Every structure is written in C-alpha cells, then in structure tokens.
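Q: The structure is given below, and queries will be raised subsequently.
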Amino acid sequence: MNAAMPARDETARVFFALWPSTSQAETLHRFALELAEGSGGRAMRAETLHLTLAFIGEVPTSRLANLAEIAANLCIRPFHCRLDRCGYWQDKQLLWAGCQKVDDNLVRLANELTSALRVRGFPVERRPFQAHMTLIRKLRIRPSERPFPPRIDWLCDRFCLVQSELQRGGAAYRTLASWTLAG
C-alpha cells in the first residue's frame, strides 16, 4: 500500500534587522573593502549590510503572519545608533562594526523581540544580544588595529522582517515587512 505523503509546508529563512541608509551602507562598504584588501576575506556587499535584532532561521511560511503580529505589538521609541568601533571574532573569522555605547532602546527592541518570539515558539539564539554589523567574513589574517573612520550616526526609526536566500555569491535579502518605531 502506497500512502501519499502530506506536502511539506514551504519555509523561509528569516530575521529581524535594522537597515542603514544607502549612503551609510556605501561608506561602511568602502571601509570594509579597504580592510579586506590587506586581510583577505570577503567584504559584505553594501546592500546586505544590516544590524540583526533577532535571527529566527527556517520557519514555515504559514507562520510569517505570526512574526508580523509580534513586530506590530512592540512599542519602542526611535533611537540613535553610533557605529564607531570595529571588532574581530577570531572563531568566526569575522570583522564587525559596533557601538562604543549601545542605546538602551536598541537593547530593549532586541530583547523584547527575542522574548516574544520564544513565547510564540520560534527558535531564537540563546546567547545575549550583541549589537554589531558584519563587515567582512572569512578573514584569513586579523587586520591591524585601525581607527574607525566612517563613524556612522544613524537614527533608527524602523525595523524589518527580512528573508535570506543563500546564493552562490552570498546571501540575498528581501524585506518582507517593516514597522515604524514610535513608542
């Protein structure tokens, strides 16, 4: 007897993020290209630069509406984010841009998102939130210490739900929805 298998629900690889302006992303991209030149690795494309608030991973597309509902119920004020330093994670071979001082509302947004996702049964990372924007992946050698010349001052007044599609040249991102911060 051959039983028909139920059709598997389609999935999407998703995360919540903050996105810089095009000019800010271009500035960061040029800086990353300079650093990658002497250190190897792959500088992130300007259009892919973002600050992840909560990475969820593969979820059934039927649950995307649940994610939108979670985001719509958050009440956080807009805040400023100043990217003014670089960091390096040797275990991941990753160079990132981050903040000397992280705004409390940025941490609150990430934490409230993560908490609401867990309550609704979404898989989220357990490690504490670290505000960073990946600039270079797969560094072969650690870059020499340099000042962070771009210093990006960024008013964060909206966040997005983004789908990541892995492709040959790296990930391609598509914004599925966005919400204005207006606490």
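The values are calculated or read from the model by the stated rules, or taken from the named source; none is laboratory data. A quick note: this is a predicted structure, and the numbers were derived from the prediction, not measured. Here Cβ is always computed from backbone atoms with ideal geometry, including for glycine, and neighbour counts include all displayed protein chains.
Q: Given the conditions (1) surrounded by fewer than 18 Cβ atoms within 10 Å (Cβ to Cβ); (2) more than 13 Å from the chain's Cα centre (by Cα); (3) modelled with pLDDT of 95 or more, which single one is not true for residue 138?
A: Tallying (1) surrounded by fewer than 18 Cβ atoms within 10 Å (Cβ to Cβ); (2) more than 13 Å from the chain's Cα centre (by Cα); (3) modelled with pLDDT of 95 or more, residue 138 fails exactly one: (3).
Q: Is at least one residue of region 155-178 aliphatic (A, V, I, L, M), in contact (Cβ under 8 Å) with a residue 12 or more places away in the chain, touching a Ser or Thr at 6+ places or on another chain (Cβ under 7 Å) and farther than 23 Å from residue 26 by Cβ?
A: no
Q: Taking the condition modelled with pLDDT of 90 or more, hydrophobic (A, V, I, L, M, F, W, C), within 26 Å of residue 45 (Cβ to Cβ) and out of contact with any strand residue (DSSP E or B) (no Cβ under 6 Å at 6 or more places or on another chain), does residue 119 pass?
A: no
Q: Can you tell me how many residues within region 154-183 are within 15 Å of the chain's Cα centre (by Cα) and among the charged types (D, E, K, R)?
A: Residues that pass the stated criteria total 3.
Q: Out of all the residues in region 15-60, which are in a helix (DSSP H, G or I), within 25 Å of residue 181 (Cα to Cα) and among the hydroxyl-bearing types (Ser, Thr, Tyr)?
A: Scanning region 15-60 gives 22, 23, 27, 48.
Q: If you don't mind, another one. Collect the residues in region 89-115 that are out of contact with any strand residue (DSSP E or B) (no Cβ under 9 Å at 6 or more places or on another chain) and among the hydrophobic types (A, V, I, L, M, F, W, C), keeping them in residue-number order.
A: If the condition is that a residue be out of contact with any strand residue (DSSP E or B) (no Cβ under 9 Å at 6 or more places or on another chain) and among the hydrophobic types (A, V, I, L, M, F, W, C), then 107 is the only one that fits.
Q: May I pose another question? Looking at region 154-172 only, could you name the residues that are farther than 25 Å from residue 82 by Cα and assigned to a strand (DSSP E or B)?
A: The answer is 163, 164, 165, 166, 167, 170, 171, 172.
Q: Give 116, 110 a once-over and let me know the one that is buried (at least 20 other Cβ atoms within 10 Å of the Cβ), without any contact (Cβ under 8 Å) to a residue 60 or more places away in the chain and either within 25 Å of residue 179 (Cα to Cα) or charged (D, E, K, R) (or both).
A: None of the others qualify; the one that does is 110.
Q: Working carefully through the options 175, 114, find the one that is assigned to a strand (DSSP E or B) and hydroxyl-bearing (Ser, Thr, Tyr).
A: 175
Q: List the residue pairs whose Cβ atoms are under 9 Å apart, where the first residue sits in region 73-97 and is closer than 13 Å to residue 35 by Cβ, the second is of a type in the set (Val, Ile, Thr) and surrounded by fewer than 20 Cβ atoms within 10 Å (Cβ to Cβ), and the two are 6 or more positions apart or on different chains.
A: These pairs meet every condition: 94/134; 95/134; 96/134; 97/134.
Q: How many residues are of a type in the set (A, V, I, L, M, F, W, C) and either modelled with pLDDT of 95 or more or touching an Asp or Glu at 6+ places or on another chain (Cβ under 8 Å) (or both) if we restrict to region 1-18?
A: 6
Q: If the requirement is being at pLDDT below 95 and among the hydrophobic types (A, V, I, L, M, F, W, C), which of these qualifies: 159, 129?
A: The conditions single out 129.
Q: Also, I was wondering about something else. Only one of these is at pLDDT below 95 and within 17 Å of the chain's Cα centre (by Cα): 43, 54, 36. Name it.
A: Criteria check complete, one pass: 43.
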